[in-house]
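Written out below as C-alpha cells is the structure these notes cover.
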Amino acid sequence: AAINLSLNSVLNIKNSIIENCNARRNGGVFYFNNWEGTLNITHTEFKNNSASNNGGIINISEENVLEEAFIEIDNSTFINNNANLGGIIYIGTITSKFDVTKNLKITDSEFINNNANSGEILFISQVDQAKEILNSSNFDNKKVDSHPCNLSWDKTKLVTHMSDKKIIMSGDSISNGLYAYILSDTNRIYNIIDESTVDSLSNVMFVNATILDKDGKFSNDAIIIGDRETFCWSGICSLNSVKIYGKPGDYVLQIYVISNGGFISMTSKNITVDVTIENCNRTYNKDNLNIGYETCYDPVCISCVHGKYIDSKKCDICTCESGWKGDMCNKRYEYKYSLTLRIIFEIICVISALFSVFLIYGIWTNKKESIIRKSNPTFLIITVVGSLINYSTVIFYHGNRNSVLCTFAMWVKFIGFAVLYGLSSNKEFTKCTISETTILLYGLTIAMLIWGVYLALETSNLPEQFNEAKSIGISTYVYAFAMIVTEVIDNITDLNPDFNFLLMILSMLIYTWTSIFTIVVPKVYAIYSEWFVIFDILKRNVHGTENMVSIGKSNVSNDNFIENIDNNNVGGLSVIGK
C-alpha cells in the first residue's frame, strides 16, 4: 500500500488527490500494522486505486487496527477504485476490540464507478452496519454487501429444514441430488468465489453431509457413502454422488459448514432434510459391498447391443437380432464372399495389365514414329500406367476391408483417375465413409470431368486429324457416367457385397478400357498394321486361295502376284513360294 500506519501514529490529509495506488494483496492505499492512532481525511479525491484481493482503499481485519483507533473521512470523493471484495473498504474478521460502527465514519462523500465482485463501496459483516458507517453519505444499498451469513436450501431466502421428505431404499442416492446455497444477510447468493476470483483453497467454503436418527442424534443404523464432503462454488454446494445405506426407518440428513473460507463465522451453518429408508422390494438385498449394510437392488445387465435378454432380471441369455451374433450380440455375421468371382476378375485384370505392358513397350520402342510423336509418347505411357493402377484395385474391392485397405483403395482409385485424365495432389482419407476430404476429392474429380465434357463438346466437329481430343472426350463421358452410378450405389445403398464388387470392377474396366482403346490402342495398331497385312498375305498364299488383297485400285491374286510386282502395283512385299 502507499501509506503505512502503525502504533499510535496520527495522519491528517486535506485537499489532496490520491490516485493510481496498488497493492498486490489487501488495502490499496492504507496499510495498518497494530495501529491505534487517528486518521482524518477531508476534501480529498481517491481515484483509480486498487488491491488484488480486498479493500481498494482500506482493509481492516484481525488485529491490524486496535481498539483506540479512529478513522474519519469527510467531504471526499471516491472514483473508479477496484478490489475483489470491497471496492473502497473491506472489513473482515476483527479479533481486536475495534468497533467499526463507532470508530469508522464516512460523511458527506460521493462514490462514483467503484468496482468489486461484491461490495463495490463496502464489504462488511452485516449490511445494516453500513448506515452507521456511511452516515449522511449518498450511497446505493446494492453496492454494500456482507460476509456469507446463512446456509440455506433456497437461493432466495433462508430455509434451514427442507419440507420435502426423501424416500429411498438402502443403497439409493437422493433423487435429483442435493443443493445448498450460501446467502448473505440480505439473502443475496454468495457467488463471488469461482475460478476467476479464488486465490487459494483458504478462500473456498466446504460442507459435509452426515446421517442422524429422527431425533437429530448420531446413528449407527445408517451411513452415507460417496463424496459427502464437497466445496461450494459460486454460492452453490452440490452433493450429487452420495448414497445412503441403512436399516429401514426414519432419519435426518444434515449438511453443515466445516470451513467458512476465512470469512466471518456464519449465523446459520446447518440445514436438514428428513429421509425414510423403506423395506426392500427389489430382486436382491444383501451386503455386496462389505460395508456392514445391505444394498437393495435389481441387477443391471451388461448391454445386449443388438438384441434383448429373455429374462432381464437374470441376465441369462441375450437373443440377437438378424445379422448379429456373440454373447452380447455385438458381432456381425461375416459375409462369405465368392472366391470364384474374385478369381475371374483377377484373371481379367491380369490379362488387361499384360496388354497394357505390351502397349507401353510398343509406344517406347516406336516413340520416334510420327504418329506417336504427334500424341507425345510420355502422355500415352502415363495414360497406360493409369490403367495399370486401376486394374490393381481388384485387390481392394473384395473381402473384408479395414480402414487401412479402404484408405489405400481410395488412393489407388483416384490416383488412377488422375493419371488417366490429369493430375491432382494433397488428398487424404482416414476411413471408409463420406468425409469432408472425400467430398473435396470428389469435387476435384468432378471439376476435371466437367472440363473433359467441355473439351469433348468443343472438339466434336473438328477434322479427323484431331480425333485424339475426341477420344479423350468419349473417355470422359464414360467415366463421368460410371463414377456417378457406382459412387451413389457404393455410398448410399446397402448392396450385396459380391454385387457391389461386380459393379465396381465392371465400372472400372469399362472406363479404363474405353480410355485405352480410344486413345492409345489406335496409335499402336497403326504402327503394327503393316505386320497384320503381311501375315494375312502369307496366310492366303500358304492355303492357295483365290482371295484377293486390295491395295489401292489394283487386285492381286496368287496367279498374277509376281507380274504385279514388276508393275509397281505392290511395293515392299515379298512372297515365299509361288
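Every read-out reported here was derived from the displayed coordinates using simple, explicitly stated rules and does not represent laboratory data. Being a predicted model, the structure only gives us computed values, none of them experimental. In this analysis, Cβ positions are derived from the backbone assuming ideal geometry, glycine residues included, and neighbour counts consider all displayed protein chains.
Computed values, structure above
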quantity: Built amide H within the under 5 Å cut-off of Ser259, gap 5+; calculated: Phe206
quantity: Cα gyration tensor of the range 150-295 - equivalent ellipsoid semi-axes, whole Å, descending; calculated: 30, 16, 12
quantity: Charge sum, other residues only, whose C-beta stays under 10 Å from Lys142's C-beta, Lys/Arg counted +1 and Asp/Glu -1; calculated: -1
quantity: Sites Tyr528 and Ile344 - FRET efficiency at Förster radius 22 Å, r taken between beta-carbons, to 0.05; calculated: 0.15
quantity: Vicinal HN-Hα couplings computed from phi for the range 265-271 (Karplus, 6.51 cos²θ - 1.76 cosθ + 1.60; Hz; Gly/Pro x); calculated: 3, 6, 6, 10, 10, 10, 9
quantity: Highest-first arrangement of 231-240, 177-186, where packing means the average Cβ count within 10 Å; calculated: 177-186, 231-240
quantity: Sequence-distant residues sharing a close amide H with Asp172 (under 5 Å, placed H); calculated: Ile244
quantity: Amide H contacts under 5 Å for Ser16, placed H, 5+ residues apart; calculated: Thr44, Glu45
quantity: Vicinal HN-Hα couplings computed from phi for the range 365-370 (Karplus, 6.51 cos²θ - 1.76 cosθ + 1.60; Hz; Gly/Pro x); calculated: 6, 10, 5, 8, 5, 4
quantity: For a label point 7 Å along the Cα-to-beta-carbon line of Asp164, residues of the range 233-263 with backbone N under 14 Å; calculated: 239
quantity: √(5λ) per eigenvalue of the Cα gyration tensor, the range 3-146, largest first, Å; calculated: 19, 17, 15
quantity: 3J(HN,Hα) from dihedral phi, the range 227-242, Karplus parametrisation 6.51/-1.76/1.60, rounded to Hz, x for glycine, proline; calculated: 7, 7, 9, 8, 9, 9, 10, 6, x, 10, 10, 10, 10, 10, 10, 8
quantity: Neighbourhood net charge (11 Å Cβ-Cβ; Lys/Arg +1, Asp/Glu -1) for Ile168; calculated: +1
